[in-house]
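**Student:** I'd like to ask you about the structure that follows.
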Amino acid sequence: MKVLVIGNGGREHALVWKLSQSASVTEVFCAPGNAGTALDGTNVDIQVSQTDLLIKFAKEQGVGLTVVGPEVPLVDGAVDQFEAAGLCVFGPSRLAAELEGSKAFAKEIMRMAAIPTAEAQIFTDPMAAESYIWDREEARLVVKADGLASGKGVFVCSTRDEALDAINVLMRKQEFGEAGRKVVIEERLDGEEASILALTDGQSILPLETAQDHKRAFDDDQGPNTGGMGSYSPAPLITPEIMDQIIGQILVPTVHMMRKRGRPFKGILYAGVMITHQGPKVLEFNVRFGDPEVQSLLMRFRGDLARVLKAAAEGKLASVPQLDWDPRPSVCVVMASEGYPGAYDKGFPIRGLEAAAELPDTKVFHAGTELRNGQVVANGGRVLGVTALGTNLDEAKLRAYQAVKCIRWDGAWCRHDISDKSRRFVTQDRVEPPK
Ligand code: AMP
Ligand code: GLY
């Protein structure tokens, strides 16, 4: 079977790499892809938003499965168009993708299904939002743009002034455009975060292994929010008991409620959860693989990913046997351009990728890279996801950073503490690689 992956980031490189190892797959295309997807698959010069051209390409090539990577084409209805053209595609429909496309809609689904989440109010009028903030005794609030804002539309506030400022940015200055016309104001939760990703065909649910992201730019979770500066899997914070709660109280009722509302959800349901004293609560839903969570997850995935994704796309997930994972933990360190998550320059040649590629149990996933005259250059904010397996998290971390040391370009930087926050929860010393 031929497979097409849509997107050009680290998530898509990880998908292309793992799909190309699937026994059922003969060729993997990536549109538009990056310098890394060109190594593990074949890049196609069609942009993510050019759905008509992507469909034409998939038909001409006889593509048996298309995987839509990012949220924007999902929210815009790419899956509906592929299905209308009679093609097999992995991802939720436009109506189902609203779970990520509108935080107000996600809150409504959670309220109807009694899913534990932060208490929230929704506003379309800035004056009403401001007076709500003034009236609250508790100033620790989170203000969120309703629509998609590349992870930048969330303001975690400690004071009333910060919350009022967020309203100013989102609703009065409209710095996030349409996405901030409606806002969600919710109570600020305390606890530890984890990313729970599950495959679903709208009926059956198959949770993936757990993972944790590092959203803040700098060490010790300081600095501004980013798309994610690193990840590790598993997240030892999520014990089997907590996972059972997440499945029973969050994943099952969400999938059930979406079906009941006539928006059956097929694809990856990603719940960002906070483990609070009262148990797991949902911070947000995403409707696609997390980036960089999927880099550390797929490093551990064993088996035919294409078959699993195709079964989910076709509503046959119940026929898929248990997923097989490498028991060894993995760590993914994101290397970024100077200035990210703010403005940054592009075009710097990246050296040392060959040396890093020779290290054992290590894979360098490309995110913002491009091939120029045969040379890989940095072409985005998050440039690489350097990922390694180890017999324990310390070894996985060490190996990932050894690979990072091989790689350099002007202005390259990364966090130095990826996976450290797991230490408090780790109980297992060593896991041997599978035979
Ligand atoms: P979201 O995009 O909704 O996941 O928000 C981005 C980040 O903001 C999350 O990963 C959390 O660190 C933080 N956040 C979001 N909602 C809350 C909340 N209700 N309480 C505390 N932190 C939150
Ligand atoms: N790493 C967070 C996300 O993919 O949204």
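The values are calculated or read from the model by the stated rules, or taken from the named source; none is laboratory data. Everything quoted here is computed from the prediction, not taken from an experiment. SASA here: full protein model, heavy atoms, side chains in, ligands and nucleic acids out. Shrake-Rupley method; radii C 1.70, N 1.55, O 1.52, S 1.80 Å.
**Student:** Could you derive backbone 3J(HN,Hα) for the range 34-49 from the dihedral phi with the Karplus parameters 6.51, -1.76 and 1.60 (θ = phi - 60°), listing whole Hz in sequence and x where the residue is Gly or Pro?
**Tutor:** Taking θ as phi minus 60°, the curve returns 9, 5, x, 5, 5, 7, 9, x, 10, 6, 10, 7, 10, 7, 4, 7 Hz for the range 34-49.
**Student:** Let me ask you something else. How many angstrom separate the Cα center of the range 189-246 from the Cα center of the range 6-58?
**Tutor:** Their Cα centres are 25 Å away from one another.
**Student:** While we're looking at this one, here's another question. Defining a contact as two alpha carbons under 8 Å apart and six or more residues distant in sequence, what relative contact order in percent does the range 162-314 show?
**Tutor:** Once normalised by length, the contact order is 25 percent.
**Student:** Counting only residues 5 or more places away or on other chains, whose amide H sits under 5 Å from the amide H of residue 370 once H atoms are built in the peptide plane?
**Tutor:** Sorted by chain and number, the residues that satisfy this are 35, 377, 379.
**Student:** Rg over Rh of the range 115-200, using C-alpha atoms and the Kirkwood radius, what does it come to?
**Tutor:** Reported Rg/Rh (Cα atoms, Kirkwood Rh): 0.99.
**Student:** Taking each pair of different alpha-carbon atoms in the range 101-161 once, compute 1/r for the pair, average those values, and report the inverse of that mean as the Kirkwood hydrodynamic radius in Å to one decimal.
**Tutor:** 12.7
**Student:** Given a 1.4 Å probe, how much area per residue of the chain is accessible, in Å²?
**Tutor:** 42
**Student:** The chain: percent of C-alpha pairs farther apart than 35 Å?
**Tutor:** The answer is 26 percent, as a whole percent.
**Student:** Carbon and sulfur together cover what percent of the accessible area of the range 126-215 at a 1.4 Å probe radius? Please report the intermediate quantities before stating the final value.
**Tutor:** Numbers: 1790 of 4010 Å².
Ligands and nucleic acids excluded, carbon and sulfur give 45 percent.
**Student:** Here's something else I'd like to know. Where the Cα atoms of the range 309-435 are projected onto their three principal axes, how long is each span, largest first, in whole Å?
**Tutor:** 46, 40, 29
**Student:** Just the C-alpha atoms of the range 231-302: what Rg/Rh do they give, with Rh taken as the Kirkwood radius?
**Tutor:** The Rg/Rh ratio comes out at 0.98.
**Student:** If you average the C-alpha positions of the range 79-140 and of the range 329-375 separately, how far apart do those two centres end up, in angstrom?
**Tutor:** 34
**Student:** Quick check on the chain: helices-only [θ] at 222 nm, where DSSP H runs of length 4 and up contribute -39,500 (n - 2.57) each and the sum goes over total residues. Nearest 500, please.
**Tutor:** Per the formula, -8000 deg cm²/dmol.
**Student:** With the convex hull built on the Cα atoms of the range 10-107, state its orientation-averaged projected area in nm². Intermediate results must be reported in sequence, preceding the final value.
**Tutor:** Working: hull surface 25.6 nm².
The Cα convex hull of the range 10-107, projected and averaged over all directions, gives 6.4 nm².
**Student:** Checking a compactness column here: for the range 189-265, what do you get for Rg(Cα) / (2.2 N^0.38 Å), N being the number of residues?
**Tutor:** 1.30
**Student:** Convert each backbone phi in the range 391-404 into a coupling constant with the Karplus relation 6.51 cos²θ - 1.76 cosθ + 1.60 (shift: θ = phi - 60°), then list the ³J(HN,Hα) values in order as whole Hz, x for Gly and Pro.
**Tutor:** Each residue's phi maps through the Karplus curve to give 5, 8, 4, 4, 5, 4, 4, 4, 5, 4, 6, 5, 5, 4 Hz.
**Student:** Suppose we take every Cα in the range 259-383 and form the convex hull; what volume per residue is that in Å³?
**Tutor:** 207
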